[in-house]
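The values are calculated or read from the model by the stated rules, or taken from the named source; none is laboratory data. Being a predicted model, the structure only gives us computed values, none of them experimental. Quick reminder, even Gly has a Cβ in these numbers, built from the backbone with ideal geometry, and neighbours come from all protein chains shown.
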Amino acid sequence: MSQILQACLSAGARLAQPGEFTQRAFLHGKMDLAQAEAVGDLIAANTTAAQQTALNQLRGGFSKDLNDLRDQLIHFAAMIELELDFAEEDVEFADRTQFRLLIEQLKTSTHKLIKSFSLGNAIKNGISVAIIGRPNAGKSTLLNALLNEERAIVSDIAGTTRDTIEESLNIDGVLFRLIDTAGIRESKGDTIEDLGIERSMSNAEKADIIIHLMDINDEVGENLKWMEPYANKTLRVYNKIDLQDDPPQFEVLNAEIHIAARSGIGIDSLKSKLYENAIGATINTEDTIVTNARHQAALIKVSESLDDISLGMDSGISGDLLALDIRRCLHYLGEITGRVDVDRDVLGKIFSSFCIGK
């Protein structure tokens, strides 16, 4: 095979560039830019949810929604620009009332797409989960229980875990990146342990979800006031319930979860709670879900343009200025799919609907 390849190169052939065939498909109109990007997402997908979401975009689900928005805007842009040609006759081809309703519908659709990015980003890149707690709370034991393997060293000696350990866990097709951190306690003068504690705090700040693991038998309690700003993303988990004479009869109550990491009690409930906090209901990968940061940024610009259109209509600005706002909105929509030839589309719509001249 190497000799055949070398012979082809010697005869004047060249190696294909990364993504060249997909790029050619885009340039020849076989797929739009959003679909081309979905090819890369599909290749990189490492969970079922990420794979199905990328396939839906590759089939054109996301592009269809965008093109529907775009076509409706183009129609009204054509009508408004047509009015400019008949400005002296003071005629209106675009129904302003209907146009206001359309803009509100487009706003709703755009906001829904923007909001879906948090879910899409979770599906595509996974959810980071930091396991935080005092020494000997059972953090490493919990990591092993979630992974169902002996990944972290478990010891009764406080401060065994001095650096972070990261592993991946697939829960119902969604990737969770688990981070086992050093136990947090007052400094004992151990430089290495202190560095581990600092890293634990940093991981908690950056994590999407924090598992605050506590020993239910610890009478001293904890003083982790620094975690208060992260209360909205924290799950309070009480460990070692199997060591109690009268263990709780429940595993999940409000924001509290009771487990026994060593014996596996409550681990499935904890996994379900992680999934619920990260994703909510079951993922419907047939729905349009934005997974690309570039798409989200463009959609935010679309939303801002729609607000400008609404404000312009309320202010009674002239049709030529209103047309500029609509063109800007169309441009940002076109950036997502690679269709930015707004002028040609508007003119095509005009000439297909009206016989203005020969």
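General observations
- Leading residue by the ranking (modelled with the lowest pLDDT) among those in the stretch 307-334 that are of a type in the set (Ser, Thr, Tyr) and assigned to a helix (DSSP H, G or I): 315
- Residue 304 surrounded by fewer than 20 Cβ atoms within 10 Å (Cβ to Cβ) and either outside any helix (DSSP H, G or I) or at pLDDT below 90 (or both): no
- Unique match (being surrounded by fewer than 19 Cβ atoms within 10 Å (Cβ to Cβ) and in contact (Cβ under 8 Å) with a residue 40 or more places away in the chain) among 65, 32: 65
- Residue 39 meets the stated requirement of being of a type in the set (Val, Ile, Thr), closer than 28 Å to residue 302 by Cα and either in contact with a helix residue (DSSP H, G or I) (Cβ under 8 Å, 6 or more places away or on another chain) or at pLDDT 85 or above (or both).
- Subset of the stretch 5-34 (residues that are in a helix (DSSP H, G or I) and over 21 Å from residue 54 (Cα atoms)): 5, 6, 7, 8, 9, 10
- The stretch 167-208 - residue that is assigned to a loop (DSSP other than H, G, I, E, B), within 30 Å of residue 48 (Cα to Cα) and of a type in the set (D, E, K, R) and, of those, modelled with the highest pLDDT: 208
- Residue in the stretch 73-119 that is modelled with the lowest pLDDT, counting only those that are surrounded by 12 or more Cβ atoms within 10 Å (Cβ to Cβ) and polar (S, T, N, Q): 118
- Scanning the stretch 140-157 for residues that are within 30 Å of residue 72 (Cβ to Cβ), buried (at least 17 other Cβ atoms within 10 Å of the Cβ) and at pLDDT 85 or above turns up nothing.
- Options 267, 317: the member that is surrounded by fewer than 19 Cβ atoms within 10 Å (Cβ to Cβ), among the β-branched types (Val, Ile, Thr), farther than 18 Å from residue 75 by Cα and in the same structural domain as residue 173 (by TED's automatic domain parsing): 267
- Considering residues of the stretch 94-144 that are under 13 Å from the mean Cα position of the chain (by Cα) and among the hydrophobic types (A, V, I, L, M, F, W, C) only, the residue nearest to residue 240 (Cα to Cα): 127
- Tally of residues being aliphatic (A, V, I, L, M), buried (at least 17 other Cβ atoms within 10 Å of the Cβ) and in a helix (DSSP H, G or I) across the stretch 35-62: 7
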